[in-house]
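Asks: Before we start, here is the structure in question, set down as structure tokens.
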Amino acid sequence: MAQRKVPRCPIPVTAVEEIENMRSLACSRFNELCLMHLTFALELGSKELNMLLNERRGDLQAKKTSKPTTPFCRRKHQRRRSSFIDSSKSVIFGAPLTQEGISQIFQLIQYLGRDHNIRELGLFRKSGHHTRQKELMILLDESVPVDLDSGQFSAHDCACVLKKFLGELSEPLLTENHYPIHCQIPALQKGDSSNGYAQSPKILVRQIKAVQLLFLLLPPENYRLLKDLLLLLQRVSEEQQDNKMDAENIGTMFAPHLLCPRRMTATELHKNAHNMTKAVAFMIRHASCLFDVPAELLRDIRAFWTRQEEEAAKLTAARSSAGSSNKYRSTGSERTTPTP
């Protein structure tokens, strides 16, 4: 009979390592814990949360078999036809998100994060030079380091190429399954009339916790890129006096790329545009704390590993006891065997 294996966690050093260990060694339980705490933060029952998630999955499944006739899809396909490079042959643009692609795009994020660049007037709003953008995309697609400090490309060129990369992902960086939940988070403040609909500290804590948990449910590649991106956008918004780009302006520019489902009807887009912008603007304003691990989740993860260690100790003791018993019976049998 095959012996049951109990997952055991290596000794972690940081909360991030604890999360990574849990995700790799007990992924299903990790997701269950995140969803459980998400229901607490949103004050939803597990059935209500599952309905939100399943409703979006059902929409996506139905639309997979339909022709791309919505305005959003038409824009996407028109953009690909007129794209600077052939997305079908690109290893970066229009391709699945990989660590290689993230490494290449991080060059843009790092360059845009320079002090003189984040103060650039209209950053992420103004268009760069199309020919230079095409050259930059080709260089990035060759998977080689690009000398962005040479002055060949402007900050606006890099910003436009970054948005193009995000816009050509097969689904938004925050994933389509989480879209309906993200859109509900800004409405939490509206539902609290205890202080005249002003910013409620308690509601703010719930909102931050909900976004933290949704981020932890993302694929690792999405999580890493999102963290670098949001921290950059937060720094840009902090320089709004110079660049005239506050969190709401940046949220308007990035909501279609980060949150908006790729197959969204014009009616849905019009109805939810304001919520999407508010959701992304919220992430930008609070980016510095959105990648922390909620204390309650960390406590439950540690409790899980404690139970696993206790169960492993019990199994070890049971096997040791069974082995001693078998050895005793074997020895007794040898003693009673007659000598021929």
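Asks: Scan 277, 267, 252 and give me the residue that is under 17 Å from residue 182 (Cβ atoms), out of contact with any Gly (no Cβ under 9 Å at 6 or more places or on another chain) and open to solvent by 10 Å² or more (accessible area, probe 1.4 Å).
Replies: Only one candidate passes the filter, namely 252.
Asks: Look through 266, 247 and report the one residue that is at pLDDT below 85, in contact with a helix residue (DSSP H, G or I) (Cβ under 9 Å, 6 or more places away or on another chain) and more than 30 Å from residue 28 (Cβ to Cβ).
Replies: None of the other options fit; the residue is 266.
Asks: Of the residues 209, 227, which is within 24 Å of residue 51 (Cα to Cα) and modelled with pLDDT of 95 or more?
Replies: On inspection, the qualifying residue turns out to be 209.
For every residue, the table says whether it meets (1) aliphatic (A, V, I, L, M); (2) in contact (Cβ under 8 Å) with a residue 60 or more places away in the chain; (3) closer than 30 Å to residue 156 by Cβ.
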| residue | (1), (2), (3) |
| --- | --- |
| 234 | no, no, yes |
| 254 | no, yes, yes |
| 273 | yes, no, yes |
| 288 | no, no, yes |
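Here is a yes/no grid of residues against (1) at pLDDT below 95; (2) assigned to a helix (DSSP H, G or I); (3) open to solvent by 50 Å² or more (accessible area, probe 1.4 Å):
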position: 78; (1), (2), (3): yes, yes, yes
position: 85; (1), (2), (3): yes, no, no
position: 90; (1), (2), (3): yes, no, no
position: 95; (1), (2), (3): yes, no, no
position: 101; (1), (2), (3): yes, yes, no
position: 107; (1), (2), (3): no, yes, no
position: 117; (1), (2), (3): no, yes, no
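Asks: Considering only segment 127-145, state which residues are surrounded by 14 or more Cβ atoms within 10 Å (Cβ to Cβ) and either without any contact (Cβ under 8 Å) to a residue 40 or more places away in the chain or under 15 Å from residue 233 (Cα atoms) (or both).
Replies: 128, 129, 132, 135, 136, 139
Asks: In addition: Which ones in segment 284-312 are among the aromatic types (Phe, Trp, Tyr) and modelled with pLDDT of 95 or more?
Replies: 291
Asks: Among the residues of segment 149-168, count how many are open to solvent by less than 10 Å² (accessible area, probe 1.4 Å) and touching a residue at least 40 places away in the same chain (Cβ under 8 Å).
Replies: Residues that pass the stated criteria total 9.
Asks: Let me ask you something else. Of all residues being open to solvent by 100 Å² or more (accessible area, probe 1.4 Å) and either among the basic types (Lys, Arg) or part of a helix (DSSP H, G or I) (or both) in segment 56-70, which is modelled with the highest pLDDT? Just the residue, please.
Replies: Of everything passing the filter in segment 56-70, 57 is modelled with the highest pLDDT.
Asks: Only residues that are open to solvent by 20 Å² or more (accessible area, probe 1.4 Å) and either among the β-branched types (Val, Ile, Thr) or in contact with a Pro (Cβ under 9 Å, 6 or more places away or on another chain) (or both): list them for segment 283-298, please.
Replies: Within segment 283-298, 293 is the sole residue that qualifies.
Asks: Now for a different question. Go through segment 36-55 residue by residue and tally those that are open to solvent by 20 Å² or more (accessible area, probe 1.4 Å), under 15 Å from residue 184 (Cα atoms) and not small (Gly, Ala, Ser).
Replies: Matching residues across segment 36-55 total 8.
Asks: Continuing with the same structure: Every residue in segment 203-219 that is part of a helix (DSSP H, G or I), in contact (Cβ under 8 Å) with a residue 60 or more places away in the chain and not basic (Lys, Arg), please.
Replies: Residues satisfying the conditions are 207, 208, 210, 211, 212, 213, 214, 215, 216.
Asks: Taking the stated definitions as given, is residue 257 touching a helix residue (DSSP H, G or I) at 6+ places or on another chain (Cβ under 6 Å) and open to solvent by 20 Å² or more (accessible area, probe 1.4 Å)?
Replies: Judged against the criteria, residue 257 is a match.
The values are calculated or read from the model by the stated rules, or taken from the named source; none is laboratory data. Every value quoted in this text rests on a predicted model; they were computed, and no experiment measured them. Reconstructed Cβ throughout: ideal geometry from the backbone, glycine too, with neighbour counts over all protein chains shown. Protein only, heavy atoms only, side chains kept; ligands, DNA and RNA dropped before computing areas. Shrake-Rupley method; radii C 1.70, N 1.55, O 1.52, S 1.80 Å.
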